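The structure appears below as structure tokens.
The values are calculated or read from the model by the stated rules, or taken from the named source; none is laboratory data. This structure is a prediction, so every number in the text was calculated from the model and none was measured. Here the Cβ positions follow ideal geometry from the backbone for every residue, glycine too, while neighbour counts run over all protein chains shown.
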């Protein structure tokens with residue numbers, strides 16, 4: 001797509017669109033990685049994942065689509081060097097019980113999909129686990145392993161090379177997603193090493209939840225630095241774990257600010273050189289029915305007592321609350337080692353408010369320094385009933401050179417330059 005017919009943004013400040021792709025007609029994207037000049041994106045509604053050649057960022061070209069197994073999500077993935085890890089889980093948004101989106105974000109999901117209690121043989125029609133691909137040539141991923149799990153499957157992974165990967169997993173006998181460490185010493189035979197859950201989640205072990213049954217007290221995912229895992233535990237907030245013994249993760253601290261705030265904790269990004277933790281709460285309901293969500297800055301000099309010291313400013317140049325669909329944080333760029341790593345500049349997606357860049361050199365006063373809001377999608381990829389055709393910027397990945405890659409539930413891949 002040439003610069004002459006690139007989409008015209010609804011709003012742009014200090015960011016310039018240089019490339020766009022509809023990803024081969026599968027314009028829905030969830031997690032996004034860029035590896036050796038190829039963007040790899042999981043699909044929310046088209047199933048499977050796609051590879052887009054972005055070696056010329058002004059002329060991205062779809063080169064590969066790998067379909068998911070039947071009734072299975074491949075929405076999240078991680079790439080590092082020559083390995084690609086892809087989740088396999090029940091396709092929740094294709095399931096009857098979650099056609100009302102609110103049902104996915106409320107209550108114990110293991111109860112709703114039937115994995116929290118005794119398994120009923122023959123009732124599962126999805127694939128659960130993690131697929132490993134060799135991507136020496138990212139344009140042609142080659143499967144080298146599959147690690148099955150018993151339950152709903154894996155939601156999201158963290159892997160930056162080496163022996164250990166980390167996952168949020170919906171296993172039989174648990175109310176929601178828990179934390180798992182995975183031994184990748186031999187990438188062709190990955191295996192579970194250890195697990196951690198909040199007390200009350202292991203119903204098969206006789207535990208009983210002590211929280212409101214309407215809450216999603218489950219792990220979205222954890223980012224791991226050194227021997228600490230920083231877990232975003234949705235409506236249960238921040239769960240920091242000691243993983244010095246990968247076979248036996250232990251709790252460092254559990255801090256929750258919901259209520260009074262609306263929950264949905266989605267990312268916990270450590271900035272180790274500054275003893276800071278950036279925590280994003282995901283907006284999960286239309287028109288802010290779950291309240292205004294924030295990206296928080298925590299001081300973690302004392303890991304046992306993280307202290308919130310500021311929040312990022314909320315975009316306000318338009319009436320995003322009433323624009324339709326979700327408004328508020330979804331994902332933040334997680335300082336991937338093969339991309340940009342910064343302790344001062346944070347990149348985030350705000351769903352119907354697009355992509356935002358923030359300067360946090362003063363951690364007590366984060367400042368928005370750039371924004372890009374894509375236009376209305378050409379088509380609605382979301383197959384659920386009563387969804388609005390509104391931009392929902394989902395993920396963001398940033399190269400060492402500062403190119404910003406972002407995708408959307410409906411509108412494809414955007415490649416941007418920061419002009420600040």
Could you grab me the full set of residues in segment 5-27 that are free of Cβ contacts under 8 Å to residues at least 12 places away in the same chain and either touching a strand residue (DSSP E or B) at 6+ places or on another chain (Cβ under 7 Å) or within 14 Å of residue 373 (Cβ to Cβ) (or both)? none
Considering only residues that are assigned to a strand (DSSP E or B) and either surrounded by fewer than 19 Cβ atoms within 10 Å (Cβ to Cβ) or free of Cβ contacts under 8 Å to residues at least 12 places away in the same chain (or both), which ones fall in segment 36-59? 53
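Matching residues to (1) within 23 Å of the chain's Cα centre (by Cα); (2) closer than 30 Å to residue 377 by Cα; (3) modelled with pLDDT of 95 or more:
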residue: 283; (1), (2), (3): yes, yes, yes
residue: 292; (1), (2), (3): yes, yes, yes
residue: 296; (1), (2), (3): yes, yes, yes
residue: 300; (1), (2), (3): yes, no, yes
residue: 318; (1), (2), (3): no, yes, yes
Within the group 346, 357, which residue is touching a residue at least 60 places away in the same chain (Cβ under 8 Å), in a strand (DSSP E or B) and more than 25 Å from residue 256 (Cα to Cα)? 357
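Yes or no: residue 224 under 29 Å from residue 399 (Cβ atoms), touching a residue at least 60 places away in the same chain (Cβ under 8 Å) and assigned to a strand (DSSP E or B)?
Answer is yes for this residue.
Residue-wise test of (1) in a loop (DSSP other than H, G, I, E, B); (2) without any contact (Cβ under 8 Å) to a residue 40 or more places away in the chain; (3) in contact with a strand residue (DSSP E or B) (Cβ under 6 Å, 6 or more places away or on another chain); (4) within 21 Å of residue 37 (Cβ to Cβ).
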position: 309; (1), (2), (3), (4): no, no, yes, no
position: 316; (1), (2), (3), (4): yes, yes, no, no
position: 325; (1), (2), (3), (4): yes, no, no, no
position: 329; (1), (2), (3), (4): yes, no, yes, no
Which residues, taken from segment 364-382, are within 21 Å of residue 14 (Cβ to Cβ), in contact with a strand residue (DSSP E or B) (Cβ under 7 Å, 6 or more places away or on another chain) and either assigned to a loop (DSSP other than H, G, I, E, B) or at pLDDT below 95 (or both)? 365, 366, 374
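When the residues of segment 254-269 are narrowed to those that are part of a loop (DSSP other than H, G, I, E, B) and on the phi < 0 side of the Ramachandran plot, which ends up surrounded by the fewest Cβ atoms within 10 Å (Cβ to Cβ)? Explain how you work it out, then say what you get.
Taking segment 254-269 as the starting set, the residues that turn out to be part of a loop (DSSP other than H, G, I, E, B) are 256-264.
Next, only the ones that are on the phi < 0 side of the Ramachandran plot stay: 256-262.
Details: 256: 16, 257: 16, 258: 17, 259: 11, 260: 6, 261: 18, 262: 22.
Among them, the one singled out is 260.
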Inspect all residues belonging to segment 198-218 and state whether any of them is assigned to a strand (DSSP E or B) and either closer than 30 Å to residue 274 by Cβ or modelled with pLDDT of 95 or more (or both). no
Note on residue 28: of the conditions (1) under 16 Å from residue 155 (Cα atoms); (2) within 16 Å of the chain's Cα centre (by Cα), unmet is (1)
Looking only at segment 276-307, count every residue that is surrounded by fewer than 17 Cβ atoms within 10 Å (Cβ to Cβ), in contact (Cβ under 8 Å) with a residue 12 or more places away in the chain and outside any loop (DSSP other than H, G, I, E, B) and tell me the total. 2
Within segment 233-253, take every residue that is in a strand (DSSP E or B) and more than 23 Å from residue 192 (Cβ to Cβ) and give me the one that is nearest to the chain's Cα centre (by Cα). 238
Out of the residues in segment 331-343 meeting the condition of being in a loop (DSSP other than H, G, I, E, B) and in contact with a strand residue (DSSP E or B) (Cβ under 6 Å, 6 or more places away or on another chain), tell me which one is farthest from residue 33 (Cα to Cα). 343
Would you mind telling me which numbered condition in (1) farther than 16 Å from residue 155 by Cβ; (2) at pLDDT 95 or above residue 119 fails? (2)
Working only within segment 197-219, note down all residues that are surrounded by fewer than 21 Cβ atoms within 10 Å (Cβ to Cβ) and either within 21 Å of the chain's Cα centre (by Cα) or without any contact (Cβ under 8 Å) to a residue 60 or more places away in the chain (or both). 199, 200, 202, 205, 206, 207, 208, 210, 211, 212, 215
Could you pull out the residue among 63, 113 that is buried (at least 17 other Cβ atoms within 10 Å of the Cβ) and either under 29 Å from residue 373 (Cβ atoms) or in contact with a strand residue (DSSP E or B) (Cβ under 6 Å, 6 or more places away or on another chain) (or both)? 113
For residue 102, all conditions in the list (1) under 19 Å from the mean Cα position of the chain (by Cα); (2) crowded, with 17+ Cβ neighbours inside 10 Å hold save one; what is the number of the exception? (2)
